[in-house]
């Protein structure tokens, strides 16, 4: 038996991931204060807003910064430091 959309598998409206239709806690242009919780393999800082992952290039672990959201995807967003 296949593990797919009809069985609540990866993607789609049910099951793992919740699909891309779920409302996002950020939108392009938002400026928010975040704490960098981790650093990704490629060096980007990782912050979260209501559990939604935001990658911030050039940010350091435990840094508390203001960021501007530049792009929002189904499962993550990217932001930049606001000077």
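The values are calculated or read from the model by the stated rules, or taken from the named source; none is laboratory data. Here the structure is a predicted model, which means the values were calculated and not measured. Cβ placement follows ideal geometry from the backbone for every residue including glycine, while neighbour counts extend to all protein chains displayed.
In the set 65, 36, 69, which member is under 11 Å from the mean Cα position of the chain (by Cα), at pLDDT 95 or above and surrounded by 14 or more Cβ atoms within 10 Å (Cβ to Cβ)? First the steps, then the outcome.
Details: 65 fails: under 11 Å from the mean Cα position of the chain (by Cα); 36 fails: under 11 Å from the mean Cα position of the chain (by Cα).
Only one candidate qualifies: 69.
I need a count of the residues in the stretch 58-76 that are touching a strand residue (DSSP E or B) at 6+ places or on another chain (Cβ under 9 Å) and more than 10 Å from residue 28 (Cα to Cα).
The qualifying residues number 12.
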